[in-house]
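Engineer: A single structure is presented below for examination.
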Amino acid sequence: MIHDKIGQLSTHPEIIANYDLLERTGVWKELSLFQDEVNLLNELLEEASKLFNIKTVNELIVYVGKKIQDKFIPSYLAFVIQDEFYSEKPNTTCFHKMERIENIIEIESFNPYKKIFSLSPTSITFEAFEVLVDNKQYTDVFLPVQPKVLIPLMGLDGVYGFIVLGKKVLDSEYSKSELKYMDCFINFTSISLQNNIHYRRAILDVKTGLYKHSFFMKRLEEEVAKIKRYQHVISIMMLDIDFFKKINDVYGHMAGDFILYEMAKIIKNAIRIEDPAARFGGEEFIVMLTECKSENAKIVAERIRTNIEESVFHYEDKEIKMTVSIGISEACHQNFHQHSTLIMQADMALYHSKRSGRNQTTLYQDIKDLAENKP
Ligand code: GH3
Ligand code: MG
Ligand code: MG
């Protein structure tokens with residue numbers, strides 16, 4: 001390494017004999033600056049390989065937050081990131097004195113900041129930012145974190161977010177070299193963030209934030225393969241919104257999309273975090289409940305169904321009521337089914353719910369004989 005070479009050279013007898021000359025001509029100083037730069041680049045390369053291996057946005061925020069705080073000791077630090085692409089409201093994470101704190105920055109929409117950083121995609125002091133934006137509504141929101149510098153997180157798609165550095169604990173200014181280091185470090189952070197966001201976009205449905213059909217099917221196949229080997233049991237819940245077409249016809253497609261998003265929220269809130277839920281098709285959802293027999297899946301399904309039935313969806317000035325029909329199938333060690341059969345059975349149960357008047361849950365088990373006797 002260059003660093004080691006400089007170290008070895010400095011002990012060479014001829015160099016020691018001419019030390020004064022090297023000192024007077026400034027060669028030593030230049031070499032030590034060069035050495036510092038090499039050290040910094042090595043540190044950044046190490047950081048890059050760590051950053052690129054981080055799997056989630058949350059882990060990335062925690063890692064980068066710790067690094068920045070260790071190195072620069074800002075009083076406050078905030079991350080504003082729009083990773084939930086189906087919502088305009090960005091996610092904000094704040095730190096104070098090395099600790100994560102409750103959010104103290106309230107931003108309703110990321111769009112104005114997206115426009116500002118698209119025009120000026122580099123780090124900027126807060127004072128310059130205030131002049132550039134010239135609208136207190138968009139700048140005063142940062143005052144609780146005593147902002148000094150804002151650094152955008154840029155990617156192929158434009159701005160994904162930005163970091164707000166609060167003033168230093170010791171109140172000194174950020175030096176040029178600190179800001180230069182930060183720029184490189186944040187460039188790597190942006191690439192990692194971009195990878196994370198694009199991966200999520202590849203597997204999540206844009207209108208609901210639930211998994212896409214393709215990702216769900218892969219997970220289902222994997223889980224089905226484990227059933228026999230590990231004596232697992234899984235249930236599949238298929239949901240279809242009742243008379244959804246009417247919503248589009250009466251209130252328009254945007255109202256329909258809003259209902260899809262709200263339904264997805266209700267479904268997600270009712271299931272365990274490890275159980276994948278997906279948008280199966282237009283207004284159909286599917287959930288895989290792992291280690292869950294169909295009787296227990298029915299309890300979850302009924303919770304979702306009644307929650308939807310009792311909800312009033314407020315879209316603009318309209319109050320909309322909805323219901324869903326649900327079908328459930330189960331596979332276990334003794335009663336094994338391939339994933340395609342499981343889906344077909346959940347589908348049959350769902351259509352039984354539809355035919356029997358909608359707004360109800362059916363277990364495939366309960367209609368099995370009926371279904372098997374069908375021509
Ligand atoms: P049923 O109770 O029998 O399920 O009736 P339904 O009206 O829900 O069923 P149908 O299959 O006739 O209509 C589904 C509708 O879902 C038709 C289509 O316009 C709508 N749809 C599908 N995808 C989307 C979407 O992404 N957004 C909106 N707004 N509507 C969608
Ligand atoms: Mg349908
Ligand atoms: Mg429907």
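Engineer: For segment 180-307, what class follows from the C-alpha gyration tensor (a ≥ b ≥ c being the square roots of its eigenvalues): rounded when a/c is under 1.5, otherwise prolate if a/b is larger than b/c, else oblate? Don't skip to the end; give the middle numbers.
Structural biologist: Numbers: a/c = 2.49, a/b = 1.23, b/c = 2.02.
It comes out oblate by the Cα gyration axes.
Engineer: Which order results if E262, E222 are arranged by neighbouring Cβ count within 10 Å, fewest first? Display every interim value, and only then the final one.
Structural biologist: Values: E262 18, E222 10.
Lowest count first: E222, E262.
Engineer: Between N135 and K55, what is the label-to-label distance in nm when each label sits 7 Å out along the Cα-to-Cβ direction?
Structural biologist: Calculated label separation equals 4.0 nm.
Engineer: Which of the aspartates and glutamates could a cross-linker bridge to K180, judged by Cα under 13 Å and excluding same-chain residues fewer than eight apart?
Structural biologist: Within the straight-line limit of under 13 Å, K180 reaches these aspartates and glutamates: E37.
Engineer: Compute the length gained on full extension between R303 and Q194: take 0.36 nm times their separation in residues and subtract their Cα-Cα distance, giving the result in nm to one decimal.
Structural biologist: Going from the current span to full extension adds 35.6 nm.
Engineer: Same structure, new question: When the Debye formula is applied to the Cα atoms of segment 213-372, each taken as the same point scatterer, what base-10 log of I(q)/I(0) results at q = 0.19, 0.21 Å⁻¹?
Structural biologist: Normalising to I(0) and taking log10 leaves -1.15, -1.36.
Engineer: Averaging sequence separations of C-alpha pairs under 8 Å and six or more residues apart, then dividing by the length of the chain, give the relative contact order as a whole percent. Spell out each step's value before the answer.
Structural biologist: Details: 564 pairs, mean separation 46.6, N = 375.
It rounds to 12 percent for the chain.
Engineer: Could you tell me the calculated FRET efficiency between S175 and S87, based on Cβ-Cβ distance and R0 = 45 angstrom, to the nearest 0.05?
Structural biologist: Numbers: r = 38 Å, r/R0 = 0.83.
Plugging the Cβ-Cβ distance into 1/(1 + (r/R0)^6) gives 0.75.
Engineer: Based on the Cβ-Cβ distance of A17 and D70, what FRET efficiency does E = 1/(1 + (r/R0)^6) give at R0 = 41 Å, to the nearest 0.05? Can you show the working numbers first?
Structural biologist: Working: r = 42 Å, r/R0 = 1.01.
Here the calculated transfer efficiency is 0.50.
Engineer: Here is a follow-up. Straight distance only, please: which aspartates and glutamates reach the Cα of K67 with their own Cα at less than 14 Å, same-chain residues fewer than 8 apart left out?
Structural biologist: Result set, ordered by chain and number: E43, E46, E47, E59, E99, E178, D183.
Engineer: Between the helical axis of 57-72 and the dominant principal axis of the chain, each derived from Cα atoms, what acute angle in degrees is found, rounded to the nearest 10?
Structural biologist: 20
Engineer: What angle do you read, to the nearest 10 degrees and between 0 and 90, between the alpha-carbon axis of helix 213-230 and the longest principal axis of the chain?
Structural biologist: 80
Engineer: Listed here are the pairs K50/K148; K136/K212; K114/K318; K29/K71; K50/K226; K55/K114; which of them are more than 29 Å apart at the Cα? Write out the running numbers ahead of the final one.
Structural biologist: Working: K50/K148 27 Å; K136/K212 40 Å; K114/K318 31 Å; K29/K71 24 Å; K50/K226 32 Å; K55/K114 24 Å.
Violating the 29 Å limit, Cα to Cα: K136/K212; K114/K318; K50/K226.
Engineer: Tell me what the chain gives for mean residue ellipticity at 222 nm when only DSSP H runs of n ≥ 4 count, each as -39,500 (n - 2.57), the sum divided by the residue total, rounded to 500 deg cm²/dmol. Walk me through the intermediate numbers first.
Structural biologist: Numbers: 15 runs with 196 residues, N = 375.
Per the formula, -16500 deg cm²/dmol.
Engineer: Taking a label point 7 Å from the Cα of F215 along the Cα→Cβ vector, which residues of segment 274-304 have an amide N closer than 19 Å to it?
Structural biologist: Residues 274-290 qualify, since their backbone N sits under 19 Å from the label point.
Engineer: Okay, moving on. Measuring from centroid to centroid over Cα atoms, what is the spacing of segment 67-98 and segment 160-187 in Å?
Structural biologist: Their Cα centres are 13 Å away from one another.
Each value in this text was obtained by applying a stated rule to the coordinates, not by laboratory testing. The structure presented is a predicted model; accordingly, all values stated were derived computationally and were not measured. All Cβ positions, even for glycine, are placed from backbone atoms using ideal geometry, and neighbour counts span all protein chains on display.
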